[in-house]
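Have a look at the structure below, then the notes.
The values are calculated or read from the model by the stated rules, or taken from the named source; none is laboratory data. Quick caveat: nothing in here was measured; it's all calculated off a predicted structure. Reconstructed Cβ throughout: ideal geometry from the backbone, glycine too, with neighbour counts over all protein chains shown. Areas reflect the complete protein model, heavy atoms only, side chains present, ligands, DNA and RNA absent. Shrake-Rupley method; radii C 1.70, N 1.55, O 1.52, S 1.80 Å.
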Amino acid sequence: MKIEYDRDTCIGMFQCVAEWDAFEKDEDAGKAVLADSEEQVEDVFVREVPEDAELDAKFAARACPVEAITVYDDDGEQLVP
């Protein structure tokens, strides 16, 4: 499973931070940060989701009010949102 985070879309509500500890607050920028991720294209960050964190990653994606977080299964099918 992988997660994709669009930092440009993020509005800094930090609801993802409350749901999964892979997201951190960047108070200066007013945006979340996805730890251990790689920038795929400008402001779009991707990382693998550990098996023990799959539920947390899904909750983080569902909690985002602007759908800046997308979760994909191992086949590349979009799961959330």
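Structure values in brief
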read-out	value
Wholly enclosed strands (runs of 3 or more DSSP E) of the chain bearing at least 3 residues in contact with a Pro (Cβ under 9 Å, 6 or more places away or on another chain)	69-72
Filtered residue count, region 62-81, keeping only those that are in contact (Cβ under 8 Å) with a residue 40 or more places away in the chain, surrounded by 16 or more Cβ atoms within 10 Å (Cβ to Cβ) and out of contact with any Ser or Thr (no Cβ under 6 Å at 6 or more places or on another chain)	6
Within region 26-38, considering residues that are closer than 21 Å to Met13 by Cα and among the acidic types (Asp, Glu), the one least open to solvent (accessible area, probe 1.4 Å)	Asp26
Subset of region 33-47 [over 10 Å from the mean Cα position of the chain (by Cα) and either among the aliphatic types (A, V, I, L, M) or more than 18 Å from Arg7 (Cβ to Cβ) (or both)]	Val41
Members of region 3-17 found to be within 8 Å of the chain's Cα centre (by Cα) and open to solvent by 40 Å² or more (accessible area, probe 1.4 Å), listed by number	Glu4, Asp6
